[in-house]
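Worksheet: one structure, shown below.
The values are calculated or read from the model by the stated rules, or taken from the named source; none is laboratory data. Note that this is a predicted model, so its numbers are computed, not measured. Virtual Cβ from ideal backbone geometry, glycine too; neighbours counted across all protein chains shown.
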Amino acid sequence: MRIITILALLLFLAVTSTVFAADSKASKSARSTTQGEDLFAAPKIFRLKLEIAAEALESLRKDPKRYVKASLKEGEHTYVDVGVRVKGSAPFEGLEKKPSLAFKFNEFVKDQEFHGRGRILLSNAHKDPTFLCEAIGGEIFRSAGVPASKVAYAVIEAGGKDLGLYVVSEAANKDFLSQHFKKAKGNLYEGSSNDITDKLEKDGGDSSTDQADLKALAAALKESDLAERARRVGPLLDMERFAAFAAVEVLAGHHDGYTMDKNNYRIYNDPASGQMVFLPHGLDQLFAKSDEPLIPEWKGLVAKAVLTSPTGQRLYLEKMSALLAGGGKAENILRQISELSAMIRPVIAERDAVAAKAFDDAVAKLRTNVSARTSFLEQQLKSQAASK
C-alpha cells in the first residue's frame, strides 16, 4: 500500500509539473506575442536613453559586430546589460556619427525582452531622408503575401547627446518567422552581393554547413528543359510568393534587392512546405525612378530561371496586376506616407528647421515618384496585354 501511495504521489507531481510548465510556456508565449504586437501594431515613436561605458565603446571600435553591454532607459524602466553592436558593414566611429545599431536584450540577461522582442534593429536612415521607405516597402510586401519586417521609430539619446530619429525594425529571427510560418526552425539565409550558388550567411536553422538545400534549388534552376525545370523547382521554391516578391521589388524600384541586383535579401527554407521563400531586406532606397521597365533585366539566378519562362512571366504579370490594384495602389501608398510623415515631422522640426524643410522636400519627391511609378506600370501592363 505504501509503495502504491508513493507511486501515485510521484505520478501526481509529474503531471502537475508538466501542466505547470505547459501553462507557464503558453503564458510566456501569449505575453510575448501581445507585447510584440504592441511594439509594431501601430506606428509609434519611442524615446530611449542609451548608456555605454567607455570600455564598451572601445570594444565596438575594434570589433563592431560583437555585442557589448549597455543600458537602455524607456521612461521609468531601465533595461540592464542589453547587448548592442553596430548594424551593417560600416566601421564604428563613435555614437556622435549616429551609427545604425542592433539591440539584443537577451544576449546577457536570459529572457529579457523589449515589448516582447528579444532583438530589434535601429537604422540611422542616412540613405533615406524620408525615414519612410522601410515602412512603406514592408507594408507593400506584406500586402502581396510576402513576409516583411514591421517598423516603428525611436528618438535616441546617448551619453547626454541627442542622436535624433531612428527607424526601428523587426529582426529576422524566430520571433519574426513564427508570425508568418507554421514552423520557425528552418534554415534562414542572408544574401549580400551574392547569389544562391555562393556560400550565404546562415542566420538560423540546423547545424549543417553544406547548404544542401540551396544547392538543390540551384541545380534544379539550371535544368535546360523548361518542363523538367518546372517539375524539379516546384517542390523547392514557393513560386507564388517569389513572383509576388519580384513584383514588389520592381514596383518599388528596389535595385538594392535580389531580382535586379543579387543584393540584400533573405531566404527561408520553410519546414512545413519544404519550399524556399524569399524575404526582402534593406528597403531604405525605394521609388527613385518612375520609368523603369515592367520587365527588367533579371539578375539573380532564381529570377532569371523562373521569370523568363512563359509560366513564370505570366505569374509575375498576374502578381503585378493584383499588386497595383491592392497594396501597391498609389492611393494606398500615399495614405501611409501622409500618416507616417505627419507623425515623424514634429520630431524632426523640434530639433532643426533646416532638416524639417529637407524632410518635407524629400517626402514631396517620394509622393511624386510613387504616383508616377504606379501610373507608368499600369500603362506598361496595358501595353503588354494589348500585344498578345
query: Where in the range 190-259 are there helices (runs of 4 or more DSSP H), lying wholly inside it, with at least 3 residues that are in contact with a Phe, Trp or Tyr (Cβ under 6 Å, 6 or more places away or on another chain) and closer than 27 Å to Q380 by Cβ?
result: 239-252
- request: Name every residue in the range 148-188 that is over 21 Å from K87 (Cα atoms) and not aliphatic (A, V, I, L, M), in order of residue number.
  value: G160, S178, Q179, H180, F181, K182, K183, K185, G186, N187
- request: Find all pairs meeting these conditions: Cβ atoms under 7 angstrom apart; at least six residues apart or on different chains; first residue within the range 146-158 and closer than 17 Å to K44 by Cβ; second residue part of a strand (DSSP E or B) and among the acidic types (D, E).
  value: S149/E170; K150/E170
- prompt: Looking at the range 56-79, which of its residues are surrounded by 14 or more Cβ atoms within 10 Å (Cβ to Cβ) and either touching a residue at least 60 places away in the same chain (Cβ under 8 Å) or not hydroxyl-bearing (S, T, Y) (or both)?
  reply: A56, L57, L60, P64, V68, K69, A70, L72, K73, E74
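Is it true that K202 is among the basic types (K, R), within 26 Å of N332 (Cα to Cα), surrounded by fewer than 22 Cβ atoms within 10 Å (Cβ to Cβ) and in contact with a strand residue (DSSP E or B) (Cβ under 8 Å, 6 or more places away or on another chain)? Outline the logic, then answer.
On the way: among the basic types (K, R): yes; within 26 Å of N332 (Cα to Cα): no; surrounded by fewer than 22 Cβ atoms within 10 Å (Cβ to Cβ): yes; in contact with a strand residue (DSSP E or B) (Cβ under 8 Å, 6 or more places away or on another chain): yes.
No.
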message: Let me spell it out: the conditions are (1) without any contact (Cβ under 8 Å) to a residue 60 or more places away in the chain; (2) under 21 Å from the mean Cα position of the chain (by Cα), and R314 meets all of them except one. Which number is the exception?
response: (2)
query: Does the range 306-359 hold any residues that are more than 13 Å from L377 (Cβ to Cβ), of a type in the set (K, R) and modelled with pLDDT of 95 or more, and which are they?
result: R314, R335, R345, K357
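Assess whether G282 counts as being within 19 Å of the chain's Cα centre (by Cα), on the phi > 0 side of the Ramachandran plot and assigned to a loop (DSSP other than H, G, I, E, B).
Details: within 19 Å of the chain's Cα centre (by Cα): yes; on the phi > 0 side of the Ramachandran plot: yes; assigned to a loop (DSSP other than H, G, I, E, B): yes.
So G282 fits the description; yes.
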statement: Flagged in the range 243-276 as aromatic (F, W, Y) and over 22 Å from A330 (Cα atoms), in numbering order, are Y258, Y265, Y268
- line: Those residues of the range 345-367 which are touching a residue at least 60 places away in the same chain (Cβ under 8 Å) and of a type in the set (V, I, T) amount to V347, I348, V363
- prompt: When both residues are 6+ apart or on different chains and their Cβ atoms are under 7 Å apart, which pairs have a first residue that lies in the range 180-208 and is closer than 23 Å to A144 by Cα, and a second that is assigned to a loop (DSSP other than H, G, I, E, B) and of a type in the set (S, T, Y)?
  reply: G191/Y258
- request: Test each condition in (1) assigned to a loop (DSSP other than H, G, I, E, B); (2) free of Cβ contacts under 8 Å to residues at least 24 places away in the same chain for W298 and report the one that comes out false.
  value: (2)
